[in-house]
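K.L.:
Mind looking over this structure? Questions follow.
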Amino acid sequence: MLRAALLIAALALIAPLRAAELDFTPVKRWIARQDEFRAVTADVTQTRSLRALKSPLVSEGHPWFKAPSSFRWELGAPAKTIVLRKGDSIFVISPAKKRAERSAANAAPDKPSPMQAFAMMSFPFARDFADFQRKFETLSIAADGPRCHLEVLPRDAQARKFLTALKLDFNTATGHLLAFEMATRDGSSLRNEFTNVQVNPKLAPGIFDFDFTGYEVVDAKN
């Protein structure tokens, strides 16, 4: 019994010690730059890997973001999928089907689609380093010059039901997010690589609006 208790105590100490060994300097530097980003646009290459498919699905797209929570993401040209977040509402829109699925950002379905999950993320990821630590468990950090690769897992219990890791690549010199990947418990992943990042551009009026006339709008199932 004593040996078993000592083993349990030793295992309980591993995670805190491992976290203490991580160098959070590049993460702190990146988070400190986030207040500069009031609006962002970019080009994106999205790669979706599914266990059922031999080859990943690759799409080109374009995201727009405006603080604090306005978000629009289009995939394909013309757009085959549009993800729109305005306030606390998220819409996954299929123009070809004239259909939109609506959900609340603070009430995630049990099995959200990858794009729903991405839209549920808050931007910036953290207000400061203390907020970052409250939101995420850090799995690994690897820096190579100004580029840093960070792997985290949200502490939110709902997110942990379907995610195994969030993987981010960012530039500490510019503060730009270079890539963002979600790995899920069903073995699939969704990776977004960003290029032509524009910070604080003038956004077109109404970019976060959508005319749902003629669309079937349904609520996402929880």
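The values are calculated or read from the model by the stated rules, or taken from the named source; none is laboratory data. Bear in mind that the values here come from a model prediction, so they are computed numbers and not experimental data. Virtual Cβ from ideal backbone geometry, glycine too; neighbours counted across all protein chains shown. These area figures cover heavy atoms from the full protein model, side chains too; ligands, DNA and RNA do not enter into them. Shrake-Rupley method; radii C 1.70, N 1.55, O 1.52, S 1.80 Å.
K.L.:
In the range 67-109, which residue that is crowded, with 18+ Cβ neighbours inside 10 Å and part of a loop (DSSP other than H, G, I, E, B) is farthest from the chain's Cα centre (by Cα)?
P.N.:
Ranking the qualifying residues of the range 67-109, first place goes to PRO109.
K.L.:
In the range 37-62, which residues are in contact with a Phe, Trp or Tyr (Cβ under 8 Å, 6 or more places away or on another chain) and acidic (Asp, Glu)?
P.N.:
Result: ASP43, single match.
K.L.:
Exactly one of these conditions fails for ASP131: (1) open to solvent by less than 30 Å² (accessible area, probe 1.4 Å); (2) in contact (Cβ under 8 Å) with a residue 24 or more places away in the chain. Give me its number.
P.N.:
All conditions pass for ASP131, except number (2).
K.L.:
Return the pair list, or none, for Cβ contacts closer than 6 Å from residues in the range 39-57 that are free of Cβ contacts under 8 Å to residues at least 60 places away in the same chain and over 24 Å from VAL199 (Cβ atoms) to residues that are surrounded by 16 or more Cβ atoms within 10 Å (Cβ to Cβ) and among the β-branched types (Val, Ile, Thr), at least 6 apart or on different chains.
P.N.:
Note: no pairs meet the criteria.
K.L.:
Within the range 26-54, restricting attention to residues that are touching a strand residue (DSSP E or B) at 6+ places or on another chain (Cβ under 9 Å) and under 26 Å from GLY187 (Cα atoms), which residue is surrounded by the most Cβ atoms within 10 Å (Cβ to Cβ)?
P.N.:
Filtering first and then ranking leaves GLN46.
K.L.:
Look through the range 144-166, keep the residues that are among the acidic types (Asp, Glu) and surrounded by fewer than 16 Cβ atoms within 10 Å (Cβ to Cβ), and return whichever of them is nearest to the chain's Cα centre (by Cα).
P.N.:
ASP156
K.L.:
Can you pull out every residue in the range 167-179 that is at pLDDT 95 or above and within 11 Å of the chain's Cα centre (by Cα)?
P.N.:
Once the filter is applied, which keeps residues that are at pLDDT 95 or above and within 11 Å of the chain's Cα centre (by Cα), the range 167-179 yields LYS167, LEU168, ALA179.
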